[in-house]
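Colleague: Below are the structure tokens for one structure; questions will follow.
The values are calculated or read from the model by the stated rules, or taken from the named source; none is laboratory data. Because the structure is predicted, anything quoted here is derived from the model rather than measured. Don't worry about glycine lacking a Cβ; one is built from the backbone with ideal geometry, like all the others, and counts go over all protein chains shown.
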Amino acid sequence: MFENNQVEGDQVTREEEQQLLNKVDEFKTKDQEKKDIEDVQLAAIRVITGAKKGTSHALLYGETGIEKLEERRKRRKLVQLFKIKSQEGPAILKELLPKTTMARASLTLRTTSHTNFQRADTSKSSALNNSFIHSTIREWNDLPEVTRSTKSINQFKELITPVRQEVPDYL
């Protein structure tokens, strides 16, 4: 994958390369696997709360203050993209990101944002559409301008983390 294990003058070992590939593969979980894992979490919440099987999922999540796994996955992908964009992540991944809309625009328009990434063309392949770069860029572009333009990773995390409700005393 990497020629001569070189990335902009830095040595990349096979182990580091494999770690990068494993991290990218984390985001390629199949839909059914995601649903199965979510079902396990819901079963655990039912055990914690003593709720019956037919209890509304929204009510269970609201009562416990536990976040849906899909939302947590989405937030982690956005944080990883922020790190790559702000050069806190691996340099090799920065090269995979498309240009921002401002970088490719010849005219400055009111609708042009310098923090939006150019949307990747949709593909017939669902694997490509659901890949880390493609899916995360769609989510990134849907974020408010204030969130996308923040400079600090901690501030970014605060802006994309939902406000936690007070967990009831009986839990």
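Each row is one residue, and each column tells you yes or no for (1) at pLDDT below 85; (2) of a type in the set (Ser, Thr, Tyr); (3) surrounded by 15 or more Cβ atoms within 10 Å (Cβ to Cβ); (4) not in a helix (DSSP H, G or I).
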{"residue": "Gln80", "(1), (2), (3), (4)": "no, no, yes, no"}
{"residue": "Lys83", "(1), (2), (3), (4)": "no, no, yes, no"}
{"residue": "Thr115", "(1), (2), (3), (4)": "yes, yes, yes, yes"}
{"residue": "His134", "(1), (2), (3), (4)": "yes, no, yes, no"}
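Colleague: Return yes or no: is Leu60 modelled with pLDDT of 70 or more and in a helix (DSSP H, G or I)?
Modeller: So Leu60 fits the description; yes.
Colleague: Of these, Arg110, Arg72, Arg46, Arg104, which one is closer than 30 Å to Pro144 by Cα, at pLDDT 85 or above and among the basic types (Lys, Arg)?
Modeller: Step by step, each of Arg110, Arg72, Arg46, Arg104 is checked, and only Arg72 is closer than 30 Å to Pro144 by Cα, at pLDDT 85 or above and among the basic types (Lys, Arg).
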